[in-house]
Amino acid sequence: MNEEYGSLSDQLRSVIRQMQKIQKGIAGSQQPASMHELDQLVRLGQEYAGITNRLAELERETRRQDA
């Protein structure tokens, strides 16, 4: 579990960095976001949700095992 948790945490940090980079680019351009940027943010948001859901599952499994 520890290894998977660490891997998921690394993936989550990477997704957040990518999202921030895109968001900063949008803010800095002073133009509306392009469809490509929006598509990337949607994809990253879905990835973020999947990772956080799996992290929550791992947390529940750990609590069950500790009980």
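General observations
- Charge dipole of the chain about the Cα centre (unit charges at C-beta), most positive-ward option of 51, 34, 2: 34
- Compactness of the chain was expressed as the Cα radius of gyration divided by 2.2 N^0.38 Å, which yields 1.44.
- In Hz, Karplus ³J(HN,Hα) per residue of region 29-40 (6.51, -1.76, 1.60; θ = phi - 60°; x = Gly, Pro): 7, 6, 10, x, 5, 7, 4, 4, 5, 5, 4, 4
- Per residue, the chain reaches -32500 deg cm²/dmol at 222 nm when only DSSP H runs of four or more residues are counted, each adding -39500 (n - 2.57).
- Approximate spin-label separation residue 20-residue 61, in nm, with each point projected 7 Å along Cα-to-Cβ: 2.9
- Cβ-defined net charge surrounding residue 57, 12 Å radius [Lys, Arg +1; Asp, Glu -1]: +1
- The charge dipole of region 2-66, taken about the Cα centre with unit charges on the Cβ atoms of Lys, Arg (+1) and Asp, Glu (-1), comes to about 260 debye, rounded to the nearest 20.
- Fewest-first ordering of 66, 10 by other beta carbons within 10 Å of each residue's beta carbon gives 66, 10.
Any read-out appearing in this document is the output of simple, stated calculations on the displayed coordinates, not a laboratory observation. Every value quoted in this text rests on a predicted model; they were computed, and no experiment measured them. With ideal geometry, Cβ positions are generated from the backbone for all residues, glycine too; neighbour counts draw on all protein chains shown.
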